[in-house]
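The structure is given below, and queries will be raised subsequently.
The values are calculated or read from the model by the stated rules, or taken from the named source; none is laboratory data. Nothing here was measured: the structure is a model prediction, and the numbers come from that model. Neighbour counts run over all protein chains shown; Cβ positions are idealised from the backbone, glycine included. Ligands, DNA and RNA are stripped out before the accessible areas are found, and what is left, the full protein with its side chains, is counted by its heavy atoms. Shrake-Rupley method; radii C 1.70, N 1.55, O 1.52, S 1.80 Å.
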Amino acid sequence: MLPGSFTVVSASTLEMKKAARSGASPASPISWSVSQHGNSISISPTSADFIGKAPGTLTDTERSLLGSLQRAWDTREAGVAGLFADMANIDSTQMYSTTINSLTAAEDIGRTAMGQTLTGRKSLNAAFSCPLFDGSGVTMRETQCVWSRIIGSRMTQSDSSGGDGFSQDGRSYRLGGQWRIRPDWFFGATAAYNTSKMHTSDGLTSIKGDSGDVSFSVKHQTGPWLLGAALHAGYGSYDSNSLFMIGHDLWSASNTNEVWTAGLKLRAAYEMTQGNWYIKPYADLDVLHTYMPGYTLSGDGATLTASSMKEWSVAFEPAIEAGTRIDLGKHGWLRPYVSAGVAFIGNKGMNQDVTFSENNGQGITFRSSSSLPDRLLNLGAGVQLFAQNKFEVRAEYKAQMAHNFRNHELSLRAAIPF
């Protein structure tokens, strides 16, 4: 359907007791007029306002989509006439909202790249791994150890202009170790296997993924200073299922997406002690690159094609950790600790160009964006048990918080020093 006049009634004799009027829903972005010419009645789509009729707060992706639809309507683009026909039959704001969310499935799929980028920062952090109290004091020193850790997490985001809502549950199994390579110099390594399941708040997209990552670090400790650098590489494979509900039309599409990440971390930390307490301010600078190849979703004669995604992210985080020592006599000691920091993330958005077309027509093209939060408040608390100079057990809680975004994780780690 395109702008024009459509005759719906034609008769040899036509008698009207009441003026004809359109029965189209005001929730539809397409408005209609009715006119009578002799013994015929015609209806015409007089105007379309795709952005103005959109309910709720629009994301950048949704605004780009609707702007592209408006241009296609204004230029009478025949390749999306079928899509306009489906949208003309929209009869509620909920149906229009669902249509918009269906057409912006690429934004939801792009969140896998966002999540793996955040996982890359965690992988880099994990390479700084084997601190213990030095002797009977509270000064922390790097040591040699091997360790393993299991992590459970839940990430949520509510609907906002920054993106549609979703929830994601994840689990990670991580191994690592650290070795002294020369006096006051240490080499660390870690590798992890991660699983995740994500569901969007509108119920239209679900994603199940498996990923792995490795990180390597070099650290130098001199007095109260710790200076270090780390490198990271990661790969993930994510199976997505997207449901498209456009007007009264319904179809689904499945796909497998890959995400690659690489990163660098620089860290400087300085420890201060007072009595039985220590305070350690530190600063991290992370640089990460994320790549997701393009893909195509198709069904019911419609095709959604997304280009590849390539993005650099830079994060600077000043933070502080504070803790104390509780001696357990011959059994060892406990280290309760807390940490807080703010990560400032520079990222233009994980963008990709998306084309939606029907029956091999020209279609419309818009920009899909899955953005990282530009600021993250990082909070942590944990307790470390070092027992009989033989093994270490650590339980830890971490939270990342931003506007409309939360990520909580619990972990349990066991280590053996040598």
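In angstroms, what radius of gyration and Dmax does region 135-187 have, counting Cα atoms only?
Here Rg and the maximum Cα pair distance are 19.3, 53 Å.
Another question, then. Under a cut-off of 13 Å between alpha-carbon atoms, report the aspartates and glutamates in cross-link reach of Lys280, not counting same-chain residues fewer than 8 places apart.
Correct list for Lys280: Glu271, Glu321.
While we're on this one: Let me check against my output: what whole-number percent is the relative contact order of region 307-418, with C-alpha pairs under 8 Å and at least 6 apart?
Computed value for region 307-418: 22 percent relative contact order.
For the chain, what is the calculated [θ] at 222 nm in deg cm²/dmol (nearest 500), taking -39500 (n - 2.57) for each run of four or more DSSP H residues and dividing by its residue count?
Dividing the helical sum by the residues of the chain leaves -4000 deg cm²/dmol.
Give me the net charge of Ser68's neighbourhood, meaning all other residues with Cβ under 15 Å from the Cβ of Ser68; Lys, Arg count +1, Asp, Glu -1.
Within the 15 Å Cβ shell, the charges total -4.
Okay, moving on. Given Cβ point charges of +1 (Lys, Arg) and -1 (Asp, Glu) and nothing else, what value in debye, to the nearest 20, does the dipole of region 167-247 about its Cα centre take?
That gives region 167-247 a dipole magnitude of about 360 debye.
Counting only heavy atoms of protein chains, what accessible area per residue, in Å², does the chain have with a probe of 1.4 Å?
Per residue, the chain has an accessible area of 45 Å².
Considering every Cα-Cα pair within region 29-177, what fraction, in whole percent, is farther apart than 19 Å?
Counting pairs separated by more than 19 Å, the tail of P(r) holds 69 percent.
In whole percent, how big is the carbon plus sulfur part of the accessible area of the chain, probe 1.4 Å, protein atoms only?
56
Which whole-number percent gives the relative contact order of region 71-208, counting Cα pairs below 8 Å spaced six or more residues apart?
19
Here's another thing I want to ask about it. Taking the dipole about the Cα centre of region 126-237, with the C-beta of Lys and Arg at +1 and of Asp and Glu at -1, give me whichever of Phe133, Gly212, Tyr193 is farthest to the positive side.
Phe133
Tally Lys/Arg at +1 and Asp/Glu at -1 over every other residue whose Cβ is under 11 Å from the Cβ of Ser31; what's the total?
0
Evaluate the charge dipole of region 237-393 about its Cα centre and quote only its size in Debye, nearest 20, assuming +1 on the Cβ of each Lys and Arg and -1 on the Cβ of each Asp and Glu.
Once rounded to the nearest 20, the dipole reads 780 debye.
Taking a cut-off of 20 Å between Cα atoms, list the aspartates and glutamates near Lys390, but don't count ones fewer than 8 places away on the same chain.
Straight-distance partners of Lys390: Asp134, Glu142, Asp327.
So, with +1 on the Cβ of K and R and -1 on the Cβ of D and E, and no other charges, what is the size of the charge dipole of region 101-237 about its Cα centre, to the nearest 20 debye?
540
Also, I was wondering about something else. I'd like to know which of Trp260, Ser411, Gly82 lies farthest towards the positive end of the charge dipole of the chain, counting +1 on Cβ of Lys and Arg and -1 on Cβ of Asp and Glu.
Checking the options against the dipole of the chain, the answer is Ser411.
Determine the relative contact order of the chain: mean sequence separation of Cα pairs under 8 Å and six or more apart, normalised by residue count, in whole percent.
Relative contact order of the chain: 14 percent.
How long is the gain from Val214 to Ala191 if the chain were fully straight, where each residue apart is worth 0.36 nm and the alpha carbon distance is subtracted?
Stretched out fully, the Val214 to Ala191 stretch lengthens by 7.9 nm.
Figure the gain on full extension for Leu410 and Lys348 (residue separation times 0.36 nm, minus the Cα-Cα span) and round it to one decimal in nm.
So the extension gain works out to 19.3 nm.
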